[in-house]
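Participant: Encoded as structure tokens, here's the structure I'll be asking about.
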Amino acid sequence: MSLTDPVDYIQRTREQYARLGYDDYRWAEKKEIPPWTPIKKPISESNVALLASGGAYTKGQVAFHWEDDTGVRIIPSSEPASDVRVTHFAYDLEPAREDPNIVFPTDRLHELVAEKTIGSLATNSVACMGGIYSSRRAEEELAPLILESIANMPGAPVDLVLLVPV
Amino acid sequence: MGLVARVLEEAGFPTICLTAARSITESVNPPRAAFVDMPLGYTSGRPHEPEFQRDLLRKAFKAAGNIDSPGSIVDLDVVWSDDPSWKDKATSGLNNGVNSVEGDSRQPRVNEPQYQYEEDRTAAENNREDDNAT
């Protein structure tokens, strides 16, 4: 691999699992053309919702567990990143705990509203856990909860969702 | 997250999906994606570098506006550092190229809430008791 190329994590995981004696992981594979909703407003006028899978929660909420937690945590967008905590089994938490904006960029989105790159930030942000082992559970349990939080957003309806996985 | 993007889009909500793992995103094939060539765990930028983070997000939103065909991945012009050697051994887990750890460096998958601070546990448990009392 050339160091200008993206890291192929599927291949790396395959090699790593083989070395550890694990079965090969079956990544979700979607060959058909994805569903599509056109963006109707200029992004500078759009109400943007943040959806992040780095395991964010805020004080007073029950933290995610690390065994395929398919729940969501609704974090008011008024909460500064300094009040956001993160928990996850599959990435180095230390830098994200120092600056949650690297996996949950809420402060930055407020600044992009102020400079009019985006129109507004939705009332709530939605946090979940990445790394759900079963893609069926991600689709059947997690996705409907996320959709419900986006579709029933208090205040202005959501025009665009920014997804920030880890 | 690509799976969730597909569900949202199906339900009428446009999405833009950041990703630091291009091959996984190619496999899941979300409607609109913006690839950042960053180590895992730093999807929206380097810590304590607000202008870097804003620049990354501006480019992602610009990509969102420009993508006109479903399943596109735009490579964002953001660079983790002049030294690409982190890519040599990066895997998931703590071994993301910034850290170097042998074997399976993910944490055990425990089925109990994993709090950042002990005081968060107390706060969450107090909330639950308040809920039960009402």
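The values are calculated or read from the model by the stated rules, or taken from the named source; none is laboratory data. This one's a predicted model, so the numbers in the text were calculated from it and none came from an experiment. A quick note on method: Cβ atoms are made from the backbone with ideal geometry, for glycine too, and the neighbour counts reach across all protein chains shown.
Participant: Those residues that are of a type in the set (A, V, I, L, M) and either over 20 Å from B:Val4 (Cα atoms) or loosely packed, with under 12 Cβ neighbours inside 10 Å (or both), I need them from segment A:3-42; list them, please.
Facilitator: If the condition is that a residue be of a type in the set (A, V, I, L, M) and either over 20 Å from B:Val4 (Cα atoms) or loosely packed, with under 12 Cβ neighbours inside 10 Å (or both), then A:Leu3, A:Val7, A:Ala18, A:Leu20, A:Ile33 are the ones that fit.
Participant: Can you list the strands (runs of 3 or more DSSP E) lying wholly within segment A:28-91 that have 2 or more residues being of a type outside the set (D, E, K, R) and more than 22 Å from B:Glu118 (Cα to Cα)?
Facilitator: Those strands (runs of 3 or more DSSP E) span A:47-52.
Participant: All but one of (1) among the small types (Gly, Ala, Ser); (2) touching a helix residue (DSSP H, G or I) at 6+ places or on another chain (Cβ under 6 Å); (3) buried (at least 24 other Cβ atoms within 10 Å of the Cβ) hold for A:Gly60; state the number of the condition that does not hold.
Facilitator: Of the numbered conditions (1) among the small types (Gly, Ala, Ser); (2) touching a helix residue (DSSP H, G or I) at 6+ places or on another chain (Cβ under 6 Å); (3) buried (at least 24 other Cβ atoms within 10 Å of the Cβ), the odd one out for A:Gly60 is (3).
Participant: Right, here's the next one. Take the conditions buried (at least 18 other Cβ atoms within 10 Å of the Cβ) and within 23 Å of A:Val158 (Cα to Cα) and apply them to A:Leu51. Does it pass?
Facilitator: It is true that A:Leu51 is buried (at least 18 other Cβ atoms within 10 Å of the Cβ) and within 23 Å of A:Val158 (Cα to Cα).
Participant: Scan segment A:25-41 and give yes if some residue there is in contact with a Phe, Trp or Tyr (Cβ under 7 Å, 6 or more places away or on another chain) and more than 30 Å from B:Glu112 (Cβ to Cβ), otherwise no.
Facilitator: Looking through segment A:25-41, at least one residue is in contact with a Phe, Trp or Tyr (Cβ under 7 Å, 6 or more places away or on another chain) and more than 30 Å from B:Glu112 (Cβ to Cβ).
Participant: Right, another one. Within segment B:99-113, can you find the residues that are buried (at least 16 other Cβ atoms within 10 Å of the Cβ) and either at positive phi or facing chain A (nearest Cβ under 7 Å) (or both)?
Facilitator: Within segment B:99-113, B:Asn99, B:Asp104, B:Arg106, B:Gln107, B:Pro113 meet the criteria.
Participant: Examine segment B:114-127 for a residue that is in a loop (DSSP other than H, G, I, E, B), farther than 20 Å from A:Arg19 by Cβ and at pLDDT below 90, and state whether such a residue exists.
Facilitator: Checked segment B:114-127: no residue is in a loop (DSSP other than H, G, I, E, B), farther than 20 Å from A:Arg19 by Cβ and at pLDDT below 90.
Participant: May I pose another question? What number of residues within segment A:5-26 are in contact with a Lys or Arg (Cβ under 9 Å, 6 or more places away or on another chain) and closer than 14 Å to B:Gly97 by Cβ?
Facilitator: The qualifying residues number 6.
Participant: Quick one: which of B:Pro47, B:Pro39 is of a type outside the set (S, T, N, Q), farther than 30 Å from A:Lys30 by Cβ, in a loop (DSSP other than H, G, I, E, B) and under 19 Å from the mean Cα position of the chain (by Cα)?
Facilitator: It is B:Pro47.
Participant: Which residue out of B:Leu76, B:Leu57, B:Leu8, B:Leu3 is within 19 Å of A:Tyr9 (Cβ to Cβ) and either at the interface with another protein chain (Cβ under 7 Å from one of its Cβ atoms) or among the hydroxyl-bearing types (Ser, Thr, Tyr) (or both)?
Facilitator: On inspection, the qualifying residue turns out to be B:Leu3.
Participant: Looking at segment A:32-50, which of its residues are at the interface with chain B (Cβ under 7 Å from one of its Cβ atoms) and either touching a residue at least 24 places away in the same chain (Cβ under 8 Å) or among the basic types (Lys, Arg) (or both)?
Facilitator: A:Ile39, A:Ile43
Participant: Continuing with the same structure: Right, A:Glu115: free of Cβ contacts under 8 Å to residues at least 12 places away in the same chain, farther than 19 Å from A:Ser44 by Cβ, surrounded by fewer than 22 Cβ atoms within 10 Å (Cβ to Cβ) and not small (Gly, Ala, Ser) or not?
Facilitator: Answer is no for this residue.
Participant: Name the pairs whose Cβ atoms lie under 9 Å apart, with the first residue in segment A:90-106 and in contact (Cβ under 8 Å) with a residue 24 or more places away in the chain and facing chain B (nearest Cβ under 7 Å), the second of a type in the set (D, E, K, R) and surrounded by fewer than 22 Cβ atoms within 10 Å (Cβ to Cβ), and 6 or more positions between them or separate chains?
Facilitator: A:Ala90/B:Arg106; A:Tyr91/B:Arg106; A:Pro105/B:Arg54
Participant: In this structure, is B:Lys89 within 30 Å of A:Ile118 (Cα to Cα), more than 8 Å from every other protein chain (Cβ to nearest Cβ) and of a type outside the set (A, V, I, L, M, F, W, C)?
Facilitator: Spelling it out, it is not the case that B:Lys89 is within 30 Å of A:Ile118 (Cα to Cα), more than 8 Å from every other protein chain (Cβ to nearest Cβ) and of a type outside the set (A, V, I, L, M, F, W, C).
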